Amino acid sequence: MIRKPRVWLISACLLGAAAPASAQEVILTIPERRPLPAAAVDETPQPARRPAAEDPVQNQAAPAPAAISAPAKIPEPKTTESDASTDIMAEDAAPDGVTPEAETETAERPPAGPPPLPPRKPPPGDRPTAAWNDVKVIAAREACDKALEGLTIDYERLQPIRRGACGTPAPILVKSIGADLPVAIEPPATVQCALAAALDTWFNDQVQPAALDTFGSPVVKIRNISSYKCRNRYNAANTKISEHAFANALDISGFELASGKKITVLKGWPRIVQPPPPPEPNPDREVTPALTPVKSDPDAAFTPPPEASPPLGPELRDASEFLRAIHADGCKTFNTVLGPNANAAHANHFHVDMKIRRYVTICE
């Protein structure tokens, strides 16, 4: 078969050339394709192809390629115009290097200051505890009878005391101590039997001999300002429980003699007055020149110099010696003795108790 040459008419404007005033056409001639030589043509007979309707392979539908699912896109959060303006204003308002979040955290942080106080403990009377059982009560009463055996103490047996962490299984109410020279306790003191026995020893062996030696008159009454009381030490909230809470302590503020003389710890305890320290030398101080003496007016009235305060009288001195002596002797009998030298809380009384400690007694 012989192909005829095709003529293509291409407008000059399509080729990018400027079109002339009168339209022109460019005629391109594509050369004719020459036929292949006979030797190059494959004349091997080809098998006859069946019609498309009879070809099962062509009629069989090719499997559709597996659909590749595109990864799901995460929707970006929509930012409204008002939110964007708010963020920009917050960033503009924040100082350099501080983000609005950091400002919020700084504002919520509590101000620096002293550490918080520990939680307040419940009062001793409000702490949960179990009641005394019969075994403990019977054993405590037997020990009490043994401690008071042979002593001349006027007392009354009381019911077991149990109030929270306070109390004692065998308390007694002591009214007086001593037979020949009885000492009344006003008002009567609720104490344990071991403390009552120690008071008997202190009164008979130390207090009465000191009173007779110093004043020539025995003690007939003592002033009790605290015995059993369910409280902490110094009535504070977070201190340890006091020995008063166990009826194991007695506070004595004064003594009364048979002569009627009264001695109180507040007034009778010796007060040592320390002289003021001398002033420190000051080399930079200016020296005032000596003044010229002036004759006094002979007609002026004479003014005597102020009198010095008198020294301690014999009564106060005797009271101080008596209190000093019985305080020191009490340290040999009780496990704890506190007086005005201990602290300001004991400025007006002696505190005595029988708290058991290992190898230690307190005497202040």
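Among the candidates Thr288, Thr333, Thr303, single out the residue that is of a type in the set (Ser, Thr, Tyr) and at pLDDT 65 or above.
The match here is Thr333.
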Has the stretch 227-250 got at least one residue that is at positive phi, within 46 Å of the chain's Cα centre (by Cα) and surrounded by 15 or more Cβ atoms within 10 Å (Cβ to Cβ)?
yes
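Let's see how each residue does on (1) more than 25 Å from Asp126 (Cβ to Cβ); (2) part of a strand (DSSP E or B); (3) over 40 Å from the mean Cα position of the chain (by Cα):
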position: Asp154; (1), (2), (3): yes, yes, yes
position: Ser176; (1), (2), (3): yes, yes, yes
position: Asp180; (1), (2), (3): yes, no, yes
position: Leu195; (1), (2), (3): yes, no, no
position: Thr201; (1), (2), (3): yes, no, yes
position: Val207; (1), (2), (3): yes, no, yes
Looking at Ala184, Ala198, Ala189, which is the one that is closer than 24 Å to His327 by Cβ, among the hydrophobic types (A, V, I, L, M, F, W, C) and touching a Phe, Trp or Tyr at 6+ places or on another chain (Cβ under 7 Å)?
Ala198
Considering only the stretch 235-271, how many residues are part of a helix (DSSP H, G or I), touching a helix residue (DSSP H, G or I) at 6+ places or on another chain (Cβ under 6 Å) and either touching a residue at least 60 places away in the same chain (Cβ under 8 Å) or over 30 Å from Pro209 (Cβ atoms) (or both)?
1
Out of all the residues in the stretch 138-160, which are of a type in the set (A, V, I, L, M, F, W, C), buried (at least 16 other Cβ atoms within 10 Å of the Cβ) and farther than 20 Å from Ala179 by Cα?
Ala140
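The values are calculated or read from the model by the stated rules, or taken from the named source; none is laboratory data. Values in this document were obtained by computation on a predicted structure and should not be read as measured data. Cβ: placed from backbone, ideal geometry, glycine included. Neighbour counts: every protein chain shown.
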